[in-house]
1. Would you please classify the overall shape of the stretch 60-110 from the alpha carbon gyration tensor, given that a ≥ b ≥ c denote the square roots of the eigenvalues, rounded means a/c under 1.5, and beyond that prolate means a/b larger than b/c while oblate covers the rest?
2. Rounded to the nearest 500, what is the chain's calculated 222 nm mean residue ellipticity when only DSSP H runs of at least 4 contribute -39500 (n - 2.57) each, over all residues?
3. Could you line up 218, 130, 204, 79 from fewest to most neighbouring Cβ atoms inside 10 Å?
4. Just to confirm my numbers, what's the Cα centroid distance between the stretch 34-53 and the stretch 83-134 in Å?
5. Quick check: convex hull of the Cα atoms in the stretch 166-229, volume per residue, rounded to a whole Å³?
6. What list do you get for 209, 82 if you sort them by fewest beta carbons within 10 Å?
7. What's the longest bit of the chain with no exposed GluC sites (Glu not before Pro), using DSSP loop states and at most 15 other Cβ atoms within 10 Å as the test?
8. Cα-based Rg of the stretch 75-141 per 2.2 N^0.38 Å, rounded to two decimals?
Amino acid sequence: MPALLARYERNERGRDFAVGDIHGHFTRLQAALDRIGFDPGVDRLFSVGDLVDRGPECEQALIWLAQPWFHAVRGNHEDIAMRYAKGNPVDVGSYIANGGEWFVTLDPARRPSFAQAFSQLPLAIEVQTDAGPVGIVHADCPVRDWSRLGIALRLRRAARDRAMWTRERLQREDASGVAGLRALVVGHTPVAEPVVLGNVFHIDTGGWMPGGRFTLLDLDTLEVATDAS
Ligand SMILES: [Mn+2]
């Protein structure tokens with residue numbers, strides 16, 4: 001069984017970035033990476049998940065997930081795709097309304113390759129930086145202390161669901177933060193500008209939406225990466 005919490009050592013050679021929800025817009029993401037001079041030879045990109053649904057290039061998710069410099073956690077849209085591919089009950093109407101039409105209409109023989117790739121994704125990533133560990137989860141850390149996350153994810157279905165689905169911290173403007181981490185980076189809820197509550201960075205600035213853009217957060221500085229010129 002793949003790890004629910006994956007750990008990455010400090011990047012000794014290049015930079016580390018996190019990006020918000022992608023939703024099938026890999027061409028736009030690549031353009032954003034090009035603008036900051038992302039170097040796949042030494043840099044790493046950590047995705048908060050939701051690689052698929054809504055956009056036109058969902059099938060490219062498998063190509064990106066195969067890259068050695070690209071690391072993603074599982075979002076709720078990957079979660080739904082896994083359930084659907086396994087034949088578990090999914091409200092197909094709402095799935096399509098939320099961008100899942102590409103998967104519903106995909107050749108059923110091709111669905112398992114996506115379900116398999118998504119099943120390998122951790123629900124949380126921890127990246128070491130000079131100033132301490134940075135966590136990455138799609139929606140939120142379901143426990144107050146990061147050191148308790150691994151066991152919570154293993155033992156509690158509710159913790160796994162919260163990691164992928166909740167919007168409570170943002171809705172409540174809860175600035176209490178997550179202990180045991182320098183910063184937590186999440187997506188899932190679109191925001192016009194990155195929102196920082198305590199040490200929790202919400203970075204889904206809608207790169208997949210008309211008029212939105214991808215925020216690439218430098219994990220070393222916790223600043224939004226700016227264009228290389
Ligand atoms: Mn989401």
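Read the figures in this text as sums done on the coordinates, not as results from a lab. What you are looking at is a predicted structure, and each value in this text was computed from that prediction instead of being measured. Using ideal geometry, Cβ is built from the backbone for each residue, glycine included, and neighbour counts are taken over all protein chains shown.
1. Note, shape of the stretch 60-110 comes out prolate.
2. Working: 9 runs with 63 residues, N = 229.
Computed ellipticity for the chain at 222 nm equals -7000 deg cm²/dmol.
3. Ordered from fewest to most neighbouring Cβ atoms within 10 Å, 218, 130, 204, 79 come out as 130, 218, 79, 204.
4. Taking the Cα centre of the stretch 83-134 as reference, the centre of the stretch 34-53 is 18 Å away.
5. Numbers: hull volume 5.6 nm³, N = 64.
So the per-residue Cα hull volume is 88 Å³.
6. Ordered by Cβ neighbours within 10 Å, fewest first: 209, 82.
7. In the chain, the maximal stretch lacking such sites is 13-172.
8. Rg over 2.2 N^0.38 Å, computed on Cα atoms: 1.38.
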